[in-house]
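Q: My structure is below; once you've seen it, I'll send some questions.
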Amino acid sequence: SDGSHLYITGSHETVSESQRLMYTARFNMDLSISWEDNRELSPLDNDTGHSIDLSNGIVGVGAVGGDEAFVFKFNKSDGTMTDYRTYGGDDLEVTYGVAFFGPDLYATGYFKSQDVNFGSGTNPDFRSANGGKDVFLNMFE
């Protein structure tokens, strides 16, 4: 909550259509919906963590396609998706937690690939797992 609105994120399955949806919403203090967003998830997609940066937006993390990690960001005032990034390699990457520390976003999870770029196109940050599942803590700008 930011004192004026309540923000929620998560996922759910529809009964009639057998779909998995990622749900993000902003509620007014009287619990009426200010905005909401439903995005279809494949059977292998998972949203696993969420954080709210009251000055910048709502961020979520998880795994897409069962083997690549993702980070997404919504504008908190109107619900538009402002950023979506995936990162992965030749094996499994999953992000489980996300938090803000000041203006910086940190995500944590594990990876198994031998060549994963946790950076961006202009600032690459390649890492290799040392066998099994290696933990990561990554800062996103």
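Q: Select from segment 92-115 the residues that are closer than 15 Å to MET139 by Cβ and assigned to a strand (DSSP E or B) and list them in ascending order.
A: Within segment 92-115, THR95, GLY97, VAL98, ALA99, PHE100, PHE101, ASP104, LEU105, TYR106, ALA107, THR108, GLY109 qualify.
Q: State which residue is nearest to PHE72 (Cα to Cα) when the search covers only segment 113-141 and only residues that are aromatic (Phe, Trp, Tyr) and modelled with pLDDT of 80 or more.
A: So, considering only residues that are aromatic (Phe, Trp, Tyr) and modelled with pLDDT of 80 or more, the one nearest to PHE72 (Cα to Cα) is PHE136.
Q: Looking at segment 34-52, is at least one residue open to solvent by 60 Å² or more (accessible area, probe 1.4 Å), at pLDDT 75 or above and not in a strand (DSSP E or B)?
A: No, every residue in segment 34-52 fails to be open to solvent by 60 Å² or more (accessible area, probe 1.4 Å), at pLDDT 75 or above and not in a strand (DSSP E or B).
Q: Right, next: Given the structure, is ASP83 in a strand (DSSP E or B), under 27 Å from SER128 (Cα atoms) and modelled with pLDDT under 80?
A: Judged against the criteria, ASP83 is not a match.
Q: Here's something else I'd like to know. Can you find a residue in segment 119-130 that is open to solvent by less than 40 Å² (accessible area, probe 1.4 Å) and part of a strand (DSSP E or B)?
A: Looking through segment 119-130, none of the residues is open to solvent by less than 40 Å² (accessible area, probe 1.4 Å) and part of a strand (DSSP E or B).
This table checks each residue for (1) basic (Lys, Arg); (2) loosely packed, with under 15 Cβ neighbours inside 10 Å; (3) over 15 Å from the mean Cα position of the chain (by Cα).
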| residue | (1), (2), (3) |
| --- | --- |
| GLY57 | no, no, no |
| GLY62 | no, no, no |
| PHE74 | no, no, no |
| ASP78 | no, yes, yes |
| THR86 | no, yes, no |
| GLY89 | no, no, yes |
| TYR96 | no, no, no |
| ASP104 | no, yes, no |
| PHE111 | no, no, yes |
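The values are calculated or read from the model by the stated rules, or taken from the named source; none is laboratory data. Note that this is a predicted model, so its numbers are computed, not measured. All Cβ positions, even for glycine, are placed from backbone atoms using ideal geometry, and neighbour counts span all protein chains on display. Side chains are part of the model used for accessible areas, which takes the heavy atoms of the whole protein and leaves out ligands, DNA and RNA. Shrake-Rupley method; radii C 1.70, N 1.55, O 1.52, S 1.80 Å.
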